[in-house]
Amino acid sequence: MKTYLVTGGAGFIGSNFVLYMLKKYNDVKIINLDKLTYAGNLENLKDVQENPNHIFVQGDICDKELVTGLFEKYDIDYVVNFAAESHVDRSIKEPEIFANTNVLGTVNLLNCAKNAWERENGWKEGVRYHQVSTDEVYGSLGETGYFMETTPLDPHSPYSSSKAGADFMVKAYFDTYNMPVTITRCSNNYGPYHFPEKLIPLLINNCLNHKDLPVYGDGLNIRDWLYVEDHCKAIDMVVRDGRVGEVYNVGGHNERTNIQIVKTVVAYVHDNVDASVTEELIKYVEDRKGHDRRYGIAPDKIKEELGWYPETTFEVGIVKTIQWYLDNRQWMEHVTSGEYQNYYDKMYN
Ligand code: NAD
Ligand code: TDX
């Protein structure tokens, strides 16, 4: 039995990871620590509510006493840190909370893990701290080339800068204390349970509600899209078999301009759900400040070392995703009530 401390496991990728792991393995126990901010939702975890191998703890990764207590109570083998403030637009408005959770929270987790795992002449057998990072730490690409693990970090937004800060702290714990750590840097995820402030679920939600589809700037910024389950598979592989101290980029060679994404979603909803949804809903709005132009990942290292590859093409993944939102309209209604709706109205109306 391996025990994981998964943080942020009620958010988009974290909840997909918890569901993926508990479906795949019978000998895995997950302690799921999540603060339940606006982005965390226990509804995402309803399928594992009764599973004795899933223990949910509401709390903050910055809370030293709480995290220390978890290490004392459970014999934790792996930490997988998903917990973060994750939305670039919010980071432009409120950078402080990004520094607190993303940088200081990571340091607290590293420190508590170090206190629990360090031995007189090394480290407890088989332990690992894994940091879930992002390709945004590399900055922005021109028309050609890809982010490699060796690409120098050049983050621009408060969000990506806070994630880069966290990555440097993880690296420091390896370089200084020889702590067994790994980092994955992933491109844009999409799939079930994605909070509808992010582009793809926002488009689906707005199409279904006949609302404008806001496109920042000229709509030609490029993102490299990865189906969330492929990301979960990569993290599982890296935590178990990745080389200690290493970074692995995770991406699917699925680059699309934002306007291509918008048109794909509109066309699917038009053809399959509601013929009155058309490209007339598209509304070009003011560009994001410091908007990175292009992200693109070369996942050669994780392919060669661990045999990972993305199983879901964008064409298949986007249909699965839209269909999931159609089948789970209640989930969308729940998460778009309250605080998020006020935030959205303030941004666009
Ligand atoms: P999300 O915003 O959907 O979920 C974040 C979760 O963390 C929420 O459940 C929230 O309640 C929790 N959380 C926030 N602050 C916390 C705190 N102080 N203590 C405990 N829990 C806290 O984010 P996501 O999209 O699932 O991203 C997960 C991780 O993956 C993040 O670290 C993000 O930087 C990284 N990442 C995301 C993407 C993407 O496309 N979504 C791509 C690459 C990397
Ligand atoms: O309404 C919108 N209109 C629009 O044109 C929104 C919300 C976004 N956009 C653009 C901005 C980006 O170019 O779409 C692209 C994708 O935007 P987001 O969904 O906000 O994602 P991004 O900023 O690329 O960051 C995401 O991927 C990397 C995640 O939110 C990060 O947590 C992750 O690290």
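The values are calculated or read from the model by the stated rules, or taken from the named source; none is laboratory data. Source: prediction; values computed, not measured. We place every Cβ from the backbone using ideal geometry, glycine too, and count neighbours over all the protein chains shown. Areas reflect the complete protein model, heavy atoms only, side chains present, ligands, DNA and RNA absent. Shrake-Rupley method; radii C 1.70, N 1.55, O 1.52, S 1.80 Å.
Name the one entry in HIS253, HIS194, HIS210 that is modelled with pLDDT under 95 and not small (Gly, Ala, Ser).
So the residue among HIS253, HIS194, HIS210 that is modelled with pLDDT under 95 and not small (Gly, Ala, Ser) is HIS253.
Go through (1) within 23 Å of GLY9 (Cβ to Cβ); (2) within 15 Å of ligand 1 (Cβ to nearest atom) for TYR173 and report which single condition fails.
Here TYR173 clears every test but (2).
Output the residues belonging to segment 91-100 that are within 14 Å of ligand 2 (Cβ to nearest atom), in contact (Cβ under 8 Å) with a residue 60 or more places away in the chain and either farther than 11 Å from GLY165 by Cβ or touching a strand residue (DSSP E or B) at 6+ places or on another chain (Cβ under 7 Å) (or both).
SER91, ILE92
Among (1) more than 11 Å from ligand 2 (Cβ to nearest atom); (2) in contact (Cβ under 8 Å) with a residue 12 or more places away in the chain, which single condition is THR150 missing?
Every condition holds for THR150 apart from (2).
Which of the residues that make up segment 178-195 are near ligand 2 (Cβ under 8 Å from one of its atoms) and open to solvent by 20 Å² or more (accessible area, probe 1.4 Å)?
Hit for segment 178-195 is ASN188, nothing else.
Counting only residues that are among the aromatic types (Phe, Trp, Tyr) and within 15 Å of ligand 1 (Cβ to nearest atom), which one in segment 51-83 is farthest from the chain's Cα centre (by Cα)?
PHE56
Can you tell me which residue is farthest from ligand 1 (Cβ to nearest atom) among those in segment 285-336 that are over 26 Å from GLU149 (Cα atoms), among the acidic types (Asp, Glu) and modelled with pLDDT of 95 or more?
By that ranking, first place goes to GLU286.
For residues in segment 196-224 being open to solvent by 10 Å² or more (accessible area, probe 1.4 Å), over 25 Å from SER276 (Cα atoms) and of a type outside the set (Lys, Arg), which is farthest from ligand 2 (Cβ to nearest atom)?
LEU220
Look at segment 75-92 and say how many of its residues are over 17 Å from LEU104 (Cα atoms) and crowded, with 17+ Cβ neighbours inside 10 Å.
Qualifying residue count, segment 75-92: 6.
Would you check which residues across segment 297-328 are over 19 Å from ASP135 (Cα atoms), among the β-branched types (Val, Ile, Thr) and surrounded by 15 or more Cβ atoms within 10 Å (Cβ to Cβ) and list them?
Residues satisfying the conditions are THR312, ILE318, THR321, ILE322.
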